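Just below is one structure, and these are the notes that go with it.
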Amino acid sequence: MNNQKDNPVLPNLLVVGVAKCGTSSLHQYLEQHPEVYMSRAKEPRYITSQVTDLPLGGPKDDKVEAWYIKDFEKYKDLFTDVKDEKIIGESSADTFYFHEKTIPFIKKLYGDPKIIILLRHPVKRSFSAYQHLRRDDREHLSFEEGLKAEPERIEKNFELIYHYKAVSQYYEGVKAFMDNFSSVKVVLNEELSSSPQSVMEDIFDFLGVKKNVEIDASERHNMSGVPKSRWLHEFLFEGKKIIVVLRPFVRMFLNKKRREKLSRKIMQRNLTRLEIDKNTKDELFEYYKPDIKKTETLLNRDLSLWK
């Protein structure tokens, strides 16, 4: 255990986003590797808390902001259990979006860490963000109305999850990270989802750790959708007082890993996936086309799976 205050252990790996592109799953896969230590809090958002405007201004954004780790001492505490792991990492899905402000801060605090960026079909990412907000009862507009309201919401400092179109434009952020850091890996959500073991072996190679480590990718993480039972969703996931009372009894029978697995299974069964309107889907894809082409050229990578 490292408790040195004068020489704190800080990450040499940052999973910087993009939001709703699989950062939760990747975080869980990475922490299964014996040579990798991932922070106990999956999304501390310490970096953005230091360089972006707060408080947030959207519905229930105060609840989101409440779990931001804004204090450096508390942030360092996330890594006090590091032993001899080769890679020390954290995942905050908002770091990418605010790249103009976060990159200078990262360079000052961390130097030149390894960077992982996850990208996803931009239309699917946008609609997943919408379903995420519907899941948590934070969005009461239709998707089309939410798209129209986006500029005003950005102006009012709503959390980035409401920035449906803006967050799905990748080129500028990817270029900025590639220009400023020596080790940047871009991972496609579609490939991570379809071939998690082979993609993780490639990531482990990038990290310089043992490649042939079997990963359990059977569980889905941070799923989006509309709850069939709002009461059940709130009972299980939104910190109701009765949960606090019951928690010690649950812990008597289930360890943390089993509790989390059970919660994810219940959530998955309780969620209904929405369908995006075809015209909206087509219009959004045309909007994103120029950014996709530039990103494709920048990465020298075929992104036809997004077409």
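The values are calculated or read from the model by the stated rules, or taken from the named source; none is laboratory data. The shown structure was predicted, so the numbers you read here are calculated from the model rather than taken from an experiment. Virtual Cβ from ideal backbone geometry, glycine too; neighbours counted across all protein chains shown.
How many residues are within 19 Å of the chain's Cα centre (by Cα) and either crowded, with 16+ Cβ neighbours inside 10 Å or of a type in the set (S, T, N, Q) (or both) when one looks only at the range 66-78? Even if it seems obvious, please write down each step before you answer.
Initially, the range 66-78 is screened for residues within 19 Å of the chain's Cα centre (by Cα), giving 66-70, 75, 78.
Now restrict to residues that are either crowded, with 16+ Cβ neighbours inside 10 Å or of a type in the set (S, T, N, Q) (or both): 68-69, 75, 78.
Result for the range 66-78: 4.
For Glu155, only one of the following conditions fails: (1) buried (at least 19 other Cβ atoms within 10 Å of the Cβ); (2) closer than 25 Å to Ala66 by Cα. What is its number?
Answer for Glu155: the failing condition is (1).
If the requirement is being over 30 Å from Lys210 (Cβ atoms), modelled with pLDDT of 95 or more and not small (Gly, Ala, Ser), which of these qualifies: Glu65, Glu35?
Going through Glu65, Glu35 in turn, just one is over 30 Å from Lys210 (Cβ atoms), modelled with pLDDT of 95 or more and not small (Gly, Ala, Ser): Glu65.
Given Gln50, Gln131, which one is modelled with pLDDT under 95 and not hydrophobic (A, V, I, L, M, F, W, C)?
Among Gln50, Gln131, only Gln131 is modelled with pLDDT under 95 and not hydrophobic (A, V, I, L, M, F, W, C).
Looking only at the range 76-93, how many residues end up being out of contact with any Ser or Thr (no Cβ under 9 Å at 6 or more places or on another chain), under 24 Å from Lys108 (Cα atoms) and either assigned to a helix (DSSP H, G or I) or free of Cβ contacts under 8 Å to residues at least 40 places away in the same chain (or both)?
2
Filter the range 82-99 down to the residues that are over 18 Å from the mean Cα position of the chain (by Cα) and either over 18 Å from Asn12 (Cβ atoms) or not basic (Lys, Arg) (or both), then identify the one that is surrounded by the fewest Cβ atoms within 10 Å (Cβ to Cβ).
Ranking the qualifying residues of the range 82-99, first place goes to Asp84.
Pairs please, first residue from the range 12-33 and on the phi > 0 side of the Ramachandran plot and crowded, with 23+ Cβ neighbours inside 10 Å, second anywhere and at pLDDT 95 or above and hydrophobic (A, V, I, L, M, F, W, C), Cβ atoms under 6 Å, 6+ apart in sequence or on different chains.
Close Cβ pairs satisfying both conditions: Gly17/Ala93; Gly17/Phe96; Lys20/Ala129; Gly22/Leu118; Gly22/Leu192.
Tell me, please, whether a residue that is touching a helix residue (DSSP H, G or I) at 6+ places or on another chain (Cβ under 6 Å), acidic (Asp, Glu), modelled with pLDDT of 95 or more and closer than 16 Å to Glu43 by Cα can be found in the range 88-100.
Yes.
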